[in-house]
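As structure tokens, the structure follows; a few thoughts come after it.
Readers should treat all values here as calculations from the given coordinates under stated rules, not as data from a laboratory. What you see is a predicted model, and the numbers here were worked out from it, not measured in a lab. We place every Cβ from the backbone using ideal geometry, glycine too, and count neighbours over all the protein chains shown.
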Amino acid sequence: MSTAQATKNCITLKGSAQIIVEYLKYGINSILFQRGIYPAEDFDNTQHYGLTILMSKDPKITTFLQNVLSQTEEWLSKNMINKISMVITNAHTKEVLECWDFKMQAELGDGDTSDPSKLTSTKELSRIQNEIRDVMRQISATVSYLPLLDCICTFDVMIHTLQNTELPAKWDETGAIVIQNAQAVQLRSFSTGLHKVDTVVNYKMST
Amino acid sequence: MDEIRSSMDNMMAQFNDSVTHSAPKKLLFNRLSTSYTDDFIASPKKRRLDSSDNNLNSTGSLNSSLNSSLGPWQNSQLRADIIELKARNSQLQHEVERQIKEHRRAMAVAESKSTALKQQCDITSKKMIEMERNVQIMRKREVALKEEACSARAELAQLKMKFDDSIDSLQKEKSQQEEDARDVQLCINNDLAEYRRMAHRADLELQATRTELERFRRRHDEFKARVSGHEDLRSDFEKQSQSLKAANERIKELEYEIQSYNDWKEVTKASQERLASVPDLQSEIERLRHHNKHLNTLIGDKLLLEEKVHDYKTRLDREEGARAEAVSLQVKLSHVEQELKEWVKVAQDHCLPNTLVSPMALRSRIEQLLQEDIVHVAEKTTSESDTKHLQATVRELEQKCSVYLKNIEDLNIGLKRHKNFKERLQRKLITVSKERDFYKQMVENFDKDLTMSNTSMADMTLDMQVRYRMEVLERTVTGYKDMCATLEREIQAMRQQEQLAEPSGEGYDSVKKELDTLRLENDRLRRRKEEMELELMHRCLRGDFNMKEFKVVHLSENPAAEAYESSKNVMEKLQAEIERLKRRNKKLEDDQEQRLNETTSTGGMTMNFKEFNQLRAELESANGKMRKMKECFKAATTEFRDVCYMLLGYRIDRIGANSNYRISSMYAESPEDYLDITLNESNCLALLESPYSRTLKPAIDQQLAASNSFPAFFSALTLELFQRATVTIT
């Protein structure tokens with residue numbers, strides 16, 4: 001009984017990666033909606049984290065996110081990711097207008113630390129989700145101060161991985177992005193006990 | 001060997017014999033030679049032995065000479081011979097041994113060879129056995145293969161049989177097929193013959209059709225000739241029918257003329273009747289004239305009314321515009337009033353509570369506030385400048401303070417160094433004084449010694465002693481002096497060092513300058529450091545430091561790439577569209593030019609829309625101008641008419657569409673008194689009959705008929721009427 005109880009509250013690296021990927025899914029969809037990158041009629045309401053989140057129903061976007069996030073989960077469970085950037089660019093000029101950075105920091109957890117691939121954390125899921133909810137609320141609130149995107153925009157997800165990472169098929173190495181005259185705002189961060197996620201939005205200062 | 005031994009024995013026996021004879025006699029060599037002859041063939045080696053035997057014999061003789069007391073020389077010779085023989089003996093023995101050894105070795109080699117051969121034999125036997133076994137196996141295989149060969153032969157035979165059968169069957173088939181082929185050939189030949197026949201028939205038919213065709217052609221030519229004849233006939237017929245038509249028309253015309261003649265007859269009849277009824281008609285004309293007049297007046301009234309209506313309409317339009325403007329103005333007014341109220345409220349909020357609310361008060365209030373603001377700003381700027389100034393002075397003072405502190409530190413360091421030096425000097429002094437004391441003691445000791453020596457060594461000569469002592473003392477003194485000199489030199493060196501160590505004034509200034517520059521550098525570096533820290537913080541926020549450890553990857557099929565691609569495509573498409581439209585535009589322009597030329601050449605069948613609009617505008621402007629001109633003209637005409645009326649005393653009115661004029665005098669007794677004048681085709685004026693003209697018959701007859709002058713007639717009439725009017729008045 002006691003062991004069952006113990007395993008119930010345990011978060012492994014894989015579980016932590018799952019939680020973060022879920023956050024990324026909802027976060028990226030929320031940003032896509034809030035920043036008006038795709039028209040509002042392409043989105044559906046869903047309830048999550050106690051919030052109403054608008055999820056894209058464009059099959060192209062959903063499959064893209066599915067592909068990216070499954071790979072991200074695999075890498076995250078091996079702690080190979082430094083940060084994940086969602087880059088919003090002008091579709092015609094390719095100029096980078098906004099960059100949402102989700103920075104990942106590995107933590108040791110509070111379980112047995114002898115084997116680095118079998119770390120565990122006993123942080124409660126409801127607490128983590130509350131933290132994520134706060135970040136999601138902040139993401140929604142950023143619209144009030146971020147500059148208006150008054151051109152046709154598109155987005156891309158870039159993952160900063162270790163140099164020795166092997167790239168699967170259809171994945172390319174690309175350069176780091178640069179925003180001219182950038183301003184950065186750090187939002188709240190949350191932690192699963194094994195990963196700490198900082199959310200930072202970099203945006204181009206309107207001249 | 002044995003032979004050698006035996007010969008040796010023989011020799012010894014002979015020798016012994018010779019010895020036993022003991023008589024000095026000649027040496028006999030025959031025996032020896034015989035033995036030699038025996039031995040001569042046995043081996044060539046014996047030849048040497050021969051000489052040795054000689055020697056031996058000689059030794060033997062030597063021995064015998066010894067025994068028989070021969071000469072000493074011979075003895076010694078014999079002895080040497082013996083020794084030589086012994087040596088040879090031992091040599092031979094050695095050789096014998098060596099040969100034995102060789103023999104043994106050869107034996108051993110042979111044995112080893114034999115064992116090796118035995119082994120080989122064993123191996124070969126084993127191989128033999130194996131080979132036999134192999135042979136057996138091969139035999140077995142051979143048997144098996146033979147059996148296989150038998151079976152294969154049997155199979156071959158069977159297959160042969162089968163193939164023979166199949167060959168037979170195939171040959172049969174072949175023969176059958178040949179037969180078939182023959183049949184088919186026959187059939188084909190038959191068919192061919194038939195076809196040939198058919199072809200022949202078809203040729204015949206063709207020839208027949210050709211002949212027929214020829215016939216048809218001829219016929220056709222005939223028909224053509226006939227047709228041309230028919231056409232001629234038809235043209236003749238048409239001509240005839242046309243002439244017929246013309247004749248008919250002529251007939252009809254004539255009929256019409258007849259009818260018209262009849263009509264004329266009727267008309268003449270009717271006109272005669274009418275002529276009969278002329279008086280009635282004249283009365284009728286009178287009535288109609290009245291009616292006409294009435295209608296004319298009505299038409300004039302109507303025209304007037306229309307003008308008025310038009311005027312009213314324009315006025316109404318203007319009025320409506322004004323009304324709409326008024327409504328908008330009212331709305332604006334209400335809006336402005338609301339605004340005013342708001343302003344008043346604002347003013348009330350901002351003005352003093354007991355004063356009258358007015359824009360002036362508000363303005364004064366605002367001005368007051370602005371002035372206060374200006375004052376505050378001025379104060380602020382002054383205070384800021386003060387604070388800046390103070391900060392600058394504070395900084396300066398701090399810098400000075402730090403400079404002084406540095407100076408103090410430097411001086412302290414100098415002081416410390418001096419103290420150290422002083423201590424060192426003191427220590428030196430102490431050592432020097434100690435040395436001095438020591439030397440003093442030494443001198444005293446010497447004095448004591450001197451006195452002691454004076455007492456104890458009275459026997460030594462005093463002079464010697466004194467000299468010795470003097471020498472010693474001089475040496476010590478020179479040593480002492482040397483030491484003093486070295487010490488003084490040291491002191492001087494120290495002093496020089498001290499002087500060097502002391503900072504000179506110039507050096508101090510340069511150091512200060514250096515210090516200042518260093519301080520500036522420090523400030524600059526600090527600022528740079530702060531900037532870098534800010535940058536670092538920024539980069540920390542963005543999280544892109546030590547990016548070299550990481551690489552950026554993304555899915556190649558991302559929405560951004562897609563969007564770029566699509567936008568590129570769209571751009572290309574749009575550019576293509578632009579190109580297309582440009583081309584089209586150019587084409588249209590060319591076409592338009594062409595069409596414009598066409599329109600001008602065809603006299604404006606199709607008109608450009610723009611031109612149409614332009615023309616419409618022109619028309620409107622022209623209409624307006626015309627209206628204005630009309631009005632102007634009307635006003636001028638009325639004025640002109642009035643002036644004419646006032647000057648000449650006659651009103652001339654144009655009546656109806658024809659150039660009929662009605663003339664009424666200023667002094668006429670009633671408005672019914674007027675004269676009608678018409679202008680006929682030959683530009684001559686003619687007086688028409690009117691009720692008033694009838695009354696003026698004598699005057700008309702007198703002036704118009706006589707002098708044919710309208711002005712004279714009218715002036716006479718005016719005078720008459722004027723006189724009549726004045727007469728009635730008077």
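Of note:
- Amide proton proximity set for residue A:187, modelled H, under 5 Å, gap of 5+: A:199, A:200, A:201
- Estimated FRET transfer efficiency (residue A:112, residue B:561; beta-carbon r; R0 51 Å; 0.05): 0.70
- Karplus 3J(HN,Hα) series, Hz, for the stretch B:73-84 with 6.51 cos²θ - 1.76 cosθ + 1.60 (x for Gly, Pro): 5, 5, 4, 4, 5, 5, 4, 4, 4, 4, 4, 4
- Length gained on full extension, residue B:521 to residue B:116, computed as 0.36 nm times the residue gap minus the Cα-Cα distance: 135.6 nm.
- Lys, Arg +1 and Asp, Glu -1 on Cβ, resulting dipole of the stretch A:17-83 about Cα centre, debye, nearest 20: 220 debye
- Here chain A is treated as a sphere whose radius is the Kirkwood value from Cα pairs; by Stokes-Einstein at 10 °C and 1.306 mPa s it diffuses with a coefficient of 88 µm²/s.
- Set of lysines near residue B:512 by C-alpha distance (under 20 Å), chain-local residues within fewer than 8 positions excluded: B:400, B:406
- Over 30 Å between alpha carbons, listed pairs B:224/B:252; B:551/B:573; A:103/A:204: B:224/B:252; B:551/B:573
- Potential extension, residue B:276-residue B:194 segment - 0.36 nm per residue separation minus Cα distance: 18.2 nm
- Using θ = phi - 60° in the Karplus curve 6.51 cos²θ - 1.76 cosθ + 1.60, the 3J(HN,Hα) couplings for the stretch B:475-492 round to 4, 4, 5, 4, x, 4, 4, 3, 4, 4, 4, 4, 5, 4, 4, 4, 4, 4 Hz; x is entered for Gly and Pro.
- Entries in B:630/B:697; B:388/B:513; A:94/B:529 that, when Cα-Cα distance is taken, lie over 31 Å: B:630/B:697; A:94/B:529
- With R₀ fixed at 45 Å, the C-beta to C-beta distance from residue B:152 to residue B:123 puts the FRET efficiency at about 0.65.
- Per residue of A:81-91, other chain Cβ atoms within 10 Å of the residue Cβ number 4 on average.
- Once the chain from residue B:609 to residue B:238 is taken as fully extended at 0.36 nm per residue, the excess over their C-alpha distance is 128.3 nm.
- Alpha-carbon Rg/Rh ratio, for the protein assembly as shown, with Rh computed the Kirkwood way: 1.40
- Separation in nanometres of the label points that stand 7 Å from Cα toward Cβ, at residue B:446 and residue A:181: 10.0 nm
- Estimated [θ] at 222 nm from DSSP helical runs (n ≥ 4, -39500 (n - 2.57)) normalised by residues in chain A, nearest 500: -10500 deg cm²/dmol
- Nonlocal amide H pairs with residue A:98, under 5 Å, H built at 1.01 Å: A:88
- Counting only other chain Cβ atoms within 10 Å of each residue's Cβ, the peptide A:180-187 averages 2.
- Counting only other chain Cβ atoms within 10 Å of each residue's Cβ, the peptide A:150-161 averages 5.
- Whole-number percent relative contact order across chain A, with pairs defined as alpha carbons under 8 Å at least 6 apart: 28 percent
- For a label point 7 Å along the Cα-to-beta-carbon line of residue A:34, residues of the stretch A:57-94 with backbone N under 14 Å: A:86
- With both labels modelled 7 Å from their Cα along Cα-to-Cβ, the residue B:508 to residue A:125 distance reads 8.1 nm.
- Each residue of the stretch A:77-82 is assigned a 3J(HN,Hα), and the resulting list reads 5, 9, 6, 9, 10, 8 Hz, derived from the Karplus form 6.51 cos²θ - 1.76 cosθ + 1.60 (θ = phi - 60°), x at Gly and Pro.
- The amide H of residue A:91, built 1.01 Å from its N in the peptide plane, has A:152, A:153, A:154 as neighbours under 5 Å, considering only residues 5 or more places off or on other chains.
- Inter-probe distance in nm under a simple model that places probes 7 Å from Cα toward Cβ, at residue B:707 and residue B:623: 5.2 nm
- Computed FRET value (nearest 0.05) for residue A:45 with residue B:574, which takes r as the C-beta separation and R₀ as 51 Å: 0.90
- Gyration tensor verdict on the stretch B:650-729 (Cα atoms; rounded if a/c is under 1.5, prolate if a/b is larger than b/c, oblate otherwise): oblate
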